[in-house]
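Structure first, commentary second.
The values are calculated or read from the model by the stated rules, or taken from the named source; none is laboratory data. Everything numeric here is computed off the predicted structure, so don't read it as measured data. FYI the Cβ positions are ideal-geometry reconstructions off the backbone, even for glycines, and counts take in every protein chain you see.
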Amino acid sequence: MKSTFGISAAAISCFCALCAASSEPGGFGSSAQGSTRNVVVSRKADLKIEKGPEKYFTGSVQIAGLFQREDPSRVTGAIVSFEPGASGRHAMSHVAIQEKVNGLNVEWMEHVSDQQYNQVKDSGPFAAAANWPSDDLERIATKDDLHISPYREDGKTYGTPTWIWSVAVEGSLYVRAYNGVRSRWYQAAIRERAGRIIAAGVTRQVTFEPVQGTINVKVDAAYRVKYAGSPYLDSMIGEQARAATVKILPAPPEKR
């Protein structure tokens, strides 16, 4: 399934309006005289996007809040988007509409650990390739000309190349989106999980993995060294960009 972060602003606004109106007293289907039909329209750009809490989710999860009705209604809605699962290249998103019961809108089941998740993911047909050869990584990391092109939604056409900063940490290549998780190239990379980069005079087919955790401290340090003195450094090691850190791996032959 495709990530629904590509839904048009009009579609989301219409969806939010319908849900808001239907949850109000006197909403759709009401025939009471004098009733008021309140419609709330939300712009896509105004949606609040948060990371899924680690105590509930495994892997990279983003939650885009759609609406939350006030009492006496108990209905909430959101788009929940998951990093590609154990055997797929595409992300999965679903619209979650829930009614609170006794103050809770979700009953959480047994948590899946990172180890359990990765054992399945790494053994699937889309398991990650080996890391970069040291010579290739050094050539890319010492340059400042990396252009990234994740696939578009058709999974075949490359997106417009975007120039971004890149650093090497512990034998791996990392990049970040200046505009955070709302960046178009970042959303495409997380959704499609594959594409290509142009760097150090060579075009390479690659895969993308979202990054969280302590490795970001080392990525911060690498940015400080490589881009010392840049007026953009503080933003690139700030919370917004750090939330959109991506690990780039060379694509195995079967993905090319």
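Numbers for the structure displayed
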read-out	value
Residue within the stretch 229-241 that is in contact (Cβ under 8 Å) with a residue 40 or more places away in the chain, loosely packed, with under 14 Cβ neighbours inside 10 Å and under 15 Å from residue 164 (Cβ atoms) present	yes
Tally, over the stretch 88-110, of residues that are out of contact with any strand residue (DSSP E or B) (no Cβ under 8 Å at 6 or more places or on another chain), modelled with pLDDT of 75 or more and not aromatic (Phe, Trp, Tyr)	6
Residue in the stretch 111-140 that is farthest from residue 59 (Cα to Cα), counting only those that are modelled with pLDDT of 80 or more and touching a strand residue (DSSP E or B) at 6+ places or on another chain (Cβ under 9 Å)	139
Yes/no for residue 152 being in the same structural domain as residue 214 (by TED's automatic domain parsing) and surrounded by fewer than 17 Cβ atoms within 10 Å (Cβ to Cβ)	yes
Checking residue 174 against (1) modelled with pLDDT of 95 or more; (2) assigned to a loop (DSSP other than H, G, I, E, B); (3) within 30 Å of residue 93 (Cβ to Cβ), the condition it does not meet	(2)
Considering residues of the stretch 187-203 that are among the hydrophobic types (A, V, I, L, M, F, W, C) and not in a helix (DSSP H, G or I) only, the residue surrounded by the most Cβ atoms within 10 Å (Cβ to Cβ)	197
Counted residues, the stretch 166-194 - those being under 12 Å from the mean Cα position of the chain (by Cα) and of a type in the set (S, T, N, Q)	2
